[in-house]
Amino acid sequence: MRITQVTPFILHVPVTGNQIADSTHSITHWGVVGARIDTDAGHSGWGFTGTHAHLPGDQLITRCIATCLAPLLEGEDPSGIQRLWLKVARNPALQWIGRAGITTLAHAAVDVALWDLKAKAAGVPLWKLLGGQVRERVRAYDTDIGWLSIPDAQLVDGAKRSVDRGYTGIKVKVGSTVERDLRRLEAVRRAIGPDVTLAVDGNGKWDLPTCLRFCRGAEPLDLYWFEEPLWHDDVHGHAQLARASRIPVALGEQLYTQDAFSEFFLQGAIHWVQPDVTRMGGITEVLRVCEAAHAHRLPVAPHAGDMSQVHVHLSWSHPACQVLESIPWIKDCFEEPAEVVDGHFRLPQQPGASTTPTAGALARHARPVA
Ligand code: 0YR
Ligand code: MG
């Protein structure tokens, strides 16, 4: 089988309620930015990265795919995934202009497409190719009820509704003021009781003294983790926080390489490992991080930049993956949506990585690639 064509695409899909906010930004759409890889055998693979639907930025990614990555892939045998990963990631000209950012987001999209293609060619859902089913259930946690833009009363109602729908875990955004965030979290904990896991996510907004103050106040709340407390690259700060607080530290959604994760492992700066196939160089690089996390006896909770379409396959098949983020914004764009039933993800059945968009979604949400 040979790759005949690599065709980029951009979709902008509305978020729940048409607007949400965390501590750093407010968005109206989620960007699904990627490529279709066609072959002479008739199979096509689909892969994408996730963005804040900033069209000029998305067009830089699709331009990178079309002008820099497509020429490296066309004519190649798509089954040689590791070799093609190195061909892109270690290409001297590309490496010179980016070992993170746009070039890696573009790489993520094509790597996911190659895995989708490989699973389709084998006629199996991706989780089978990744080693097969290792667990009976994949527990989901609900992020879509916890946005910082949601007023206090609605936050508590949403948390209760989520538990009523069967979720055993939720995540609430923090990063406004310590006092307001603690008040909101106390109300949520009272409403959901002690048995539902409650995680918080700061999106890297606070400094170390603010995080320490928050953690002192939050100790009675039994938080499952404190996600991205500090700036994404601050290994030393996270190590200090991890030592000073009893609340587990989670991070990884903004890290691009296994080397970046290694630093956090080596410095004891991370408890929950959150790689993202749409941020790193695809499934190929995330598998390396999952293996490293497992070797350090640390649990993985993938960040869902793909809104869990791909990560659900990893979660069913990798022993380190303990729980998976659930946000429903883009699921209905795909032939096999990542569905949560009674708080747990359904096991995908169709061949591939669950990344094939429906014709309807392509027609409705497409934006110009340039
Ligand atoms: C939504 N999930 C996150 C999204 C999300 C951000 O704007 O970008 O909140 O990536 O932190 O855990
Ligand atoms: Mg996060």
How high is the relative contact order of the chain, in percent, with contacts defined as C-alpha pairs under 8 Å that are six or more residues apart?
21 percent
Test item: Cα-centred dipole of region 257-328, Lys/Arg +1 and Asp/Glu -1 on Cβ, debye:
140 debye
Per GNM of the chain with C-alpha springs under 10 angstrom, the most fluctuating residue out of K87, K331, K205 is K87
Diagonalise the Cα gyration tensor of the chain and give the resulting equivalent ellipsoid semi-axes, square root of 5 times each eigenvalue, largest first, whole Å.
33, 22, 20
Roughly how many debye, to the nearest 20, is the charge dipole of the chain about its Cα centre, given +1 on each Lys and Arg Cβ, -1 on each Asp and Glu Cβ, and no other charges?
140 debye
What is region 128-345 by shape, rounded, prolate or oblate, if you read a ≥ b ≥ c off the alpha carbon gyration tensor as root eigenvalues and call it rounded for a/c under 1.5, prolate for a/b larger than b/c, and oblate otherwise?
oblate
If you roll a 1.4 Å probe over region 128-345 with all protein chains in place, what percent of the accessible area is carbon or sulfur?
49 percent
What length, rounded to one decimal in nm, is gained on full extension from Q95 through to R83, with 0.36 nm per residue of separation minus their alpha-carbon distance?
2.7 nm
Have a look at the DSSP beta bridges in the chain and tell me what percent are antiparallel, nearest 5.
60 percent
Karplus-derived 3J(HN,Hα) from phi for region 14-30 (6.51 cos²θ - 1.76 cosθ + 1.60, θ = phi - 60°), whole Hz, x at Gly and Pro, runs x, 8, 4, x, 6, 6, 9, 9, 10, 6, 10, 6, 10, 10, 10, 9, 9
Ranking T51, W147, T28 by how far each Cα lies towards the positive end of the charge dipole of region 1-155 (+1 on Lys and Arg Cβ, -1 on Asp and Glu Cβ), the top one is T51
Need the C-alpha centroid separation for region 222-255 versus region 256-321, integer Å.
15 Å
Rounded if a/c is under 1.5, else prolate if a/b beats b/c, else oblate: with a ≥ b ≥ c from the C-alpha gyration tensor eigenvalues square-rooted, which is region 92-159?
oblate
Ordered by packing density, taken as the mean number of other Cβ atoms within 10 Å over each peptide's residues, highest first, how do 358-368, 252-262 rank?
252-262, 358-368
What fraction, in whole percent, of alpha-carbon pairs in region 159-235 exceed 17 Å separation?
41 percent
Please give the Cα centre distance for region 162-195 versus region 68-95, rounded to the nearest Å.
44 Å
Please go through the residue pairs K118/K331; K128/K173; K205/K331 and name each one whose alpha carbons sit more than 32 Å apart in this structure.
K128/K173
What are the ³J(HN,Hα) values, in whole Hz, obtained from phi via the Karplus relation 6.51 cos²θ - 1.76 cosθ + 1.60 with θ = phi - 60°, for each residue of region 123-137 in sequence order, with x given for Gly and Pro?
x, 10, x, 3, 4, 5, 5, 7, x, x, 6, 10, 9, 6, 9
In debye to the nearest 20, how big a dipole does region 128-345 give about its Cα centre with +1 on each Lys and Arg Cβ and -1 on each Asp and Glu Cβ?
600 debye
Accessible area per residue in Å² at 1.4 Å probe, computed on the chain
39 Å²
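The values are calculated or read from the model by the stated rules, or taken from the named source; none is laboratory data. Fair warning: this is a prediction, and the values are worked out from it, not measured in the lab. Note that each Cβ is placed from the backbone with ideal geometry, even for glycine, and that neighbours are counted across all protein chains shown. These area figures cover heavy atoms from the full protein model, side chains too; ligands, DNA and RNA do not enter into them. Shrake-Rupley method; radii C 1.70, N 1.55, O 1.52, S 1.80 Å.
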